[in-house]
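Following: one structure in structure tokens, then a few remarks.
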Number of protein chains: 2
Amino acid sequence: MASIKDVAAEAGVSVATVSRVLNSHPSVSEEARTRVLAAVEALGYRPNAVARSLRTAQTRTLGLVISDVLNPYFTELARFVEEEARALGYSVIIGNADERPELQDHHIRTLIDRRIDGLLVSPADGGSSLMRDVALGGTPMVFVDRWIPGIDVPVVRADGTGAVKDLVAHLHGLGHRRLAIIAGPAATTTGNERVEAFREDMRGLGLALPDAYIGQGDFQAASGRRATERFLALAEPPEVVFAADNLMALGALDAIRARGLRMPDDIALAAFDDIPWFVHTDPPITAIAQPTADLARAAVRALADLIEGRTPQSVTLPARLVVRRSCGGAVTNQRSDR
Amino acid sequence: MASIKDVAAEAGVSVATVSRVLNSHPSVSEEARTRVLAAVEALGYRPNAVARSLRTAQTRTLGLVISDVLNPYFTELARFVEEEARALGYSVIIGNADERPELQDHHIRTLIDRRIDGLLVSPADGGSSLMRDVALGGTPMVFVDRWIPGIDVPVVRADGTGAVKDLVAHLHGLGHRRLAIIAGPAATTTGNERVEAFREDMRGLGLALPDAYIGQGDFQAASGRRATERFLALAEPPEVVFAADNLMALGALDAIRARGLRMPDDIALAAFDDIPWFVHTDPPITAIAQPTADLARAAVRALADLIEGRTPQSVTLPARLVVRRSCGGAVTNQRSDR
DNA sequence: CGACGCCGTGGAATCGATTACACGGATGAT
DNA sequence: ATCATCCGTGTAATCGATTCCACGGCGTCG
């Protein structure tokens with residue numbers, strides 16, 4: 001592959017001049033510029049980003065570490081992150097942690113080794129020492145969706161408390177009293193937050209949330225299935241199951257179907273995170289939708305601000321309830337925007 | 001961030017020795033080794049991958065350019081690709097083309113500029129001149145899922161013809177005679193192949209496939225919706241719609257629902273690509289499942305073979321029909337493996 | 001008419017690694 | 001005892017860019 005030296009030779013100038021042309025430095029004669037450009041064209045020259053990064057100490061690359069690519073919520077987030085980053089002149093490298101802390105650390109390490117300019121993280125756990133070190137070590141970092149309390153970096157996330165309140169009110173209004181929740185891992189902020197908001201709102205309505213109605217999940221479908229099976233095996237099973245993410249809702253659906261129960265008559269279901277498929281399940285599923293695109297954009301901008309020396313802003317955007325038929329009542333077939 | 005020089009100074013040896021220790025070169029004394037390792041530990045040193053890549057002319061990175069991350073099929077493919085690549089000591093950078101040729105070219109160019117060791121591509125179109133140049137230019141390249149006829153690189157894909165034959169037979173057996181298909185872009189191999197197989201099998205059963213029953217889609221949900229609306233507006237609408245990918249099936253589902261039609265009584269639906277949600281739609285959707293994990297593994301191995309100088313193999317694996325209730329008949333609730 | 005400054009350009013240092021080559025000392029063979 | 005060999009180590013070149021500095025030529029101003 002042609003290097004800058006080859007271009008310089010072809011154009012009959014020095015490498016310094018070629019570099020100036022390519023970086024549109026002002027003091028280059030018109031003649032030199034055209035000669036260089038012609039040489040570039042003739043050789044099909046493309047600057048070596050590796051060499052450039054070594055010299056300039058910047059890669060114009062962002063790392064995005066997410067907990068699970070197979071989760072449509074994160075897939076969508078990743079897509080919008082890349083879009084915004086591209087608009088700002090950055091590339092994105094995605095690291096998929098599969099909800100496994102050690103895999104998360106692996107990706108963080110790899111990304112740091114590649115000297116990415118900044119890191120966008122949705123932590124799969126309570127935060128390894130590695131993540132702490134990275135944040136302290138001066139690598140620009142922003143948390144998105146989930147965050148870690150002790151680490152002082154900007155956080156871009158959705159606030160679900162309002163939407164959870166709406167949900168609980170909706171369920172209560174439909175006459176449901178025994179509400180159960182499948183929680184995310186206690187180590188994640190989103191895991192805790194959603195349970196706490198749920199418990200709080202129930203208390204506000206004078207309802208109890210017994211421990212048996214709190215299923216411990218890990219944001220994966222299988223755990224949603226297990227938790228739901230356990231609920232259904234209780235002497236007094238809940239009337240509603242609220243899954244703290246869409247994959248656990250899928251698992252819950254599996255379990256309900258396996259038992260041959262009808263929804264919403266025998267049991268109701270609601271989920272955090274809205275996805276296109278929830279419109280088409282039987283019945284369509286009531287869910288809490290996050291403003292994914294806005295979150296992604298805000299997160300990338302915060303990170304770019306941090307990298308480029310501006311002051312970044314933490315952002316919290318409200319999530320909203322999308323009522324469908326999975327909890328009962330007659331509702332026109334609504335859908336979330338896509 | 002500490003460099004190899006700092007480590008050398010700390011350990012009281014030369015940078016050459018440090019490098020030897022880090023690359024486990026045999027001729028280093030035990031004493032020097034322990035001193036270096038201690039220094040590495042003390043400084044928290046991590047080798048700069050950028051500098052290393054510049055010198056060794058390899059990045060141990062694979063580029064994966066897919067047509068649409070939001071398509072669960074490709075998301076899953078990407079996940080398995082990364083998994084296998086990691087096992088082989090490579091990182092993966094994903095480029096999402098969003099079914100847009102110019103975005104695809106953008107990502108290919110970016111990846112080449114970063115001097116990735118090899119490229120895995122599922123082309124969104126018939127192949128730009130850029131892609132041709134890259135393949136000819138000696139960058140190791142492998143096509144996965146879709147490919148481009150004129151370009152001589154290994155292809156790893158699923159063969160859907162057998163499954164399509166099974167599907168058509170299944171539909172015929174249920175008494176359906178007017179079958180329509182929503183095709184993918186003519187520029188993609190998978191787009192054409194699926195239509196051709198479908199047409200061929202219908203001919204084999206003595207059925208015609210009129211042009212009005214061939215919808216032109218682009219593998220996106222909206223196009224599936226439009227095509228289905230057109231089918232339903234016909235004087236004699238089809239009894240079955242077969243969508244050539246899962247997103248167009250989602251769009252078809254939207255259209256069917258919007259018309260208030262019942263499935264499978266008023267109209268039947270089948271799709272290429274099976275995804276977890278198809279089990280939970282109303283009714284569950286009959287689909288053709290690809291062996292995604294195996295495809296991903298085979299593709300990565302072929303690319304690694306190419307990169308490391310071994311002879312790569314093109315691989316074709318069979319897809320299989322998964323019958324559910326969306327086309328009629330009484331079928332036990334089956335699901336694809338996940 | 002001479003000095004000063006600016007402009008376009010090239011030479012060379014630099015980023016952080018790897019690695020060819022040279023060198024000194026120890027070891028083994030003759 | 002001598003010479004060849006091998007081992008551990010260091011010096012320096014190298015990868016492909018960017019950028020500081022110096023230099024020559026030319027225009028401008030006093």
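Key figures for this structure:
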quantity	calculated
Percent RCO, i.e. relative contact order, over segment B:185-269, from Cα pairs under 8 Å lying at least 6 residues apart	26
1.4 Å probe, heavy atoms, protein only - residues of segment A:95-117 losing at least 50 Å² accessible area vs chain alone	A:Asp113, A:Arg114, A:Arg115
Pair A:Arg310, B:Glu196: separation of 7 Å Cα→Cβ label points (nm)	5.2
Cα Rg, Dmax (largest Cα-Cα span) when computed across segment A:35-127, Å	16.5, 57
Per-copy distances of the A:Ala233 label point, shortest first, in nm (7 angstrom along Cα→Cβ)	5.4
Whole-Å distance, taken between Cα centres, linking segment A:259-280 and segment B:246-299	18
Pseudo-label separations to other copies for B:Ala51 - Cα-to-Cβ vector, 7 Å, nm	1.8
Residue-normalised accessible area of segment A:232-338, given per residue in Å² at a 1.4 Å probe	37
Residue-averaged 222 nm ellipticity for chain A, from DSSP H runs of 4+ at -39500 (n - 2.57), nearest 500	-13500 deg cm²/dmol
Accessible area (Å², 1.4 Å probe, nearest 10) - A:Arg262	140
Net +/- balance of residues flanking A:Asp159 in space, Cβ distance below 15 Å, scoring K and R +1, D and E -1	-3
Convex hull volume of segment A:4-47 per residue (C-alpha atoms, cubic angstrom)	56
Centre separation in Å (Cα based) which lies between segment A:101-163 and segment B:196-211	54
Relative contact order computed over segment B:1-126 (Cα-Cα under 8 Å; 6+ residues apart), in percent	24
Cα-based Rg / Dmax (Å) for chain A	25.2, 87
For segment A:137-239, Kirkwood radius (reciprocal of mean inverse C-alpha pair distance, Å)	15.2
DSSP bridge orientation in chain A - percent antiparallel, rounded to nearest 5	10
Computed accessible area, A:Trp147, all protein chains, 1.4 angstrom probe, square angstrom	60
Reduction of at least 20 Å² in accessible surface, 1.4 Å probe, comparing all protein chains with the chain by itself, residues of segment B:270-286	B:Trp277, B:His280, B:Thr281, B:Asp282
Chain A: most fluctuating residue of A:Ala249, A:Ala38, A:Ala296 per GNM, C-alpha cutoff 10 Å	A:Ala38
Partner chain coverage, peptide B:74-82 - average Cβ within 10 angstrom	3
Apportionment of accessible area to carbon and sulfur, chain A, percent (1.4 Å)	50
Cβ-derived FRET efficiency at R0 35 Å, B:Asp113 paired with A:Asp211, nearest 0.05	0.05
Cα gyration tensor, segment B:136-175 - rounded (a/c under 1.5), prolate or oblate	prolate
Net charge contributed by nearby residues that have their C-beta within less than 15 Å of A:Arg297 (K/R +1, D/E -1)	-3
Stokes-Einstein D in µm²/s, Kirkwood radius over Cα pairs - the protein assembly as shown at 37 °C with 0.692 mPa s viscosity	120
Inter-label distance for A:Arg33 and B:Ala258, nm, one decimal - labels placed 7 Å from Cα along Cα-to-Cβ	5.1
Contact order normalised by residue count of chain A, Cα under 8 Å, 6+ apart, percent	15
Solvent-accessible surface ranking, highest first, for B:Asp273, B:Asp265 at 1.4 angstrom	B:Asp265, B:Asp273
For the protein assembly as shown, share of DSSP beta bridges that run antiparallel, in % to the nearest 5	10
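The values are calculated or read from the model by the stated rules, or taken from the named source; none is laboratory data. Everything quoted here is computed from the prediction, not taken from an experiment. When we count neighbours, we look across all protein chains shown, and the Cβ atoms used for this are built from the backbone with ideal geometry, even at glycine. The protein model used for the area step is the full one, side chains on, heavy atoms only, and it has no ligands, DNA or RNA in it. Shrake-Rupley method; radii C 1.70, N 1.55, O 1.52, S 1.80 Å.
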